[in-house]
Amino acid sequence: MHVADTRTKEQRSRIMKSVGSRNTGPELAVRRLLHHLGYRYRLHRRDLPGKPDIVFPGRRSVIFVHGCFWHGHDCDKGKLPKSRAEYWIAKIKSNQERDARAMARLKETGWRTLSVWQCELKNLDTTERMLRKFLGPPGFRSKSHPTSLKRALKNRNGRLD
Ligand SMILES: [Zn+2]
């Protein structure tokens, strides 16, 4: 399915700049992208296993945004420093085990999970496709939509999300 890119060059460059910037970090970059794509979410629900970074209660879906180093991704950013290797291996292993436990518990209770890795944010188009595939089309809960538009969307999609 082709999805028209409605972003202006300016918006795109602003989002790109936020990726990996010192003051924002990967999680904020994903949140900005989601918001821009029209998704609405909640953050860090403490009542859910692993306190997922981004939560979509209506879709019963959660997203974890993982720093490659801290969560031991098999990529360049995930490489261990040479000094104190054992310390880092133990630390990262315990993070990975905690991640795995949280995912398993979420799945048991009917939540869908997606992990987005920091290094994947280098390609925003790929990230966008991945998010859309995981979440489906953005909802139209906003009260700012005129009723007629809501009705039109409802007719086309068969339901309002
Ligand atoms: Zn990575």
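Quick notes
- Within region 76-106, tally of residues that are surrounded by 16 or more Cβ atoms within 10 Å (Cβ to Cβ) and away from the ligand (no atom under 16 Å from the Cβ): 3
- Number of residues in region 80-111 that are charged (D, E, K, R) and more than 26 Å from L48 (Cβ to Cβ): the value is 3.
- Among the residues of region 107-134, just one is within 15 Å of the ligand (Cβ to nearest atom) and in a loop (DSSP other than H, G, I, E, B), namely N123.
Here is a yes/no grid of residues against (1) in a strand (DSSP E or B); (2) touching a residue at least 12 places away in the same chain (Cβ under 8 Å); (3) at positive phi:
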position	(1), (2), (3)
Y39	no, yes, no
G50	no, yes, yes
G58	no, yes, no
F69	no, yes, no
I89	no, no, no
D99	no, yes, no
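- Residue check for H73: over 15 Å from R31 (Cα atoms) and buried (at least 18 other Cβ atoms within 10 Å of the Cβ): yes
- Scanning region 31-64 for residues that are among the β-branched types (V, I, T) and either modelled with pLDDT under 95 or away from the ligand (no atom under 16 Å from the Cβ) (or both) yields I54, V55, V62.
- When T113 is tested against (1) crowded, with 16+ Cβ neighbours inside 10 Å; (2) at pLDDT below 95; (3) polar (S, T, N, Q), just one condition goes unmet, and that condition is (2).
The values are calculated or read from the model by the stated rules, or taken from the named source; none is laboratory data. What you see is a predicted model, and the numbers here were worked out from it, not measured in a lab. Note that we place each Cβ from the backbone using ideal geometry, even for glycine, and neighbour counts take in every protein chain shown.
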